[in-house]
Amino acid sequence: EAQVTQNPRYLITVTGKKLTVTCSQNMNHEYMSWYRQDPGLGLRQIYYSMNVEVTDKGDVPEGYKVSRKEKRNFPLILESPSPNQTSLYFCASSVAPSSYEQYFGPGTRLTVT
Amino acid sequence: AQTVTQSQPEMSVQEAETVTLSCTYDTSESDYYLFWYKQPPSRQMILVIRQEAYKQQNATENRFSVNFQKAAKSFSLKISDSQLGDAAMYFCAYRGYTQGGSEKLVFGKGTKLTVNP
């Protein structure tokens with residue numbers, strides 16, 4: 001089954017404790033993105049990757065890091081999480097640029113206390 | 001600036017009736033893509049419909065159709081014969097570009113649709 005998986009689905013952590021949210025897709029997609037969703041703000045892009053070792057900042061990259069060492073994986077790293085990073089996070093992938101459908105993962109609910 | 005505006009934070013419709021969700025966007029491009037995504041309570045993002053700006057014909061997918069007005073930069077979603085399963089948050093999205101020139105989706109803030117039995 002073609003899918004994008006994220007782990008963990010839920011995470012409660014404390015300020016400053018480094019964490020990684022994993023994202024993996026099995027569709028051989030070149031393009032992958034991370035978004036955060038906040039009430040009243042919709043989804044905003046954090047980072048974007050066009051291929052292995054090629055990444056680009058989105059609208060809200062501060063406080064986040066990404067890496068793309070393998071085509072299928074695109075982890076999101078929060079090296080020192082803060083409460084304002086409490087949000088719902090989505091990973092997405094597509095076979096081509098955003099002119100085509102982006103396939104979204106199930107989301108990760110992160111709470112930073 | 002590439003922005004997407006959904007002016008209706010919440011909408012409601014009676015089951016079996018028709019409802020239209022509004023979306024406007026701002027762009028200087030002539031060729032672009034627009035999308036409607038549905039997010040049910042499960043939080044999964046599901047593509048509902050896609051429109052290419054160069055196509056004059058409005059896209060349709062079963063009970064879902066759009067009214068694409070390029071000059072007005074308007075992209076509304078019409079849901080016919082509404083069903084209880086249509087209750088969800090609906091997001092309008094535009095294919096824009098990052099500062100680095102890469103493509104990205106720019107989302108509106110969403111419209112929460114309630115379907116009343």
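Some notes on this structure:
- The overall shape of the stretch B:50-117 is oblate: from the C-alpha gyration tensor, with semi-axes ordered a ≥ b ≥ c, the ratio a/c is 1.5 or greater and a/b is no larger than b/c.
- For chain A, the relative contact order is 36 percent, taking Cα pairs closer than 8 Å that sit 6 or more residues apart in sequence and dividing their mean separation by the residue count.
- Ordering B:52, B:17 by the number of other Cβ atoms within 10 Å of each residue's own Cβ, fewest first, gives B:17, B:52.
- Residue A:71 sits among other residues whose Cβ lies under 12 Å from its own Cβ, and their net charge, with Lys and Arg +1 and Asp and Glu -1, is 0.
- Here the contact order of the stretch A:1-52, divided by its residue count and restricted to Cα pairs under 8 Å and six or more residues apart, works out to 31 percent.
- For chain A: Kirkwood Rh in Å [reciprocal of mean 1/r, alpha carbons]: 13.9
- Choice from A:88, A:41, A:78 with maximal GNM fluctuation in chain A (Cα, 10 Å cutoff): A:41
- Relative contact order (%) - the stretch A:45-84, alpha-carbon pairs under 8 angstrom, separation at least six: 32
- For the protein assembly as shown, the convex hull spanned by the alpha carbon atoms encloses 124 Å³ per residue.
- Cβ-based net charge around residue B:89, under 11 Å, with every Lys or Arg adding one and every Asp or Glu removing one: +3
- Shape of the stretch A:56-113, Cα gyration tensor, a/c cut at 1.5: prolate
- Within the stretch B:1-110, the trypsin sites (Lys or Arg not before Pro) that combine a DSSP coil assignment with at most 12 other C-beta atoms in a 10 angstrom radius are B:55.
- Each principal axis of the Cα atoms in chain B has its own extent, and those three values, largest first, are 46, 29, 21 angstrom.
- Residue with peak Gaussian network fluctuation, chain A [Cα springs, cutoff 10 Å], from A:103, A:89, A:47: A:103
Rule-based calculations on the coordinates, nothing more; no lab input. Treat the numbers as computed from the prediction; the structure is a model and nothing was measured. Heads up, the Cβs are rebuilt from the backbone with ideal geometry, glycines too, and the neighbour counts pull from every protein chain shown.
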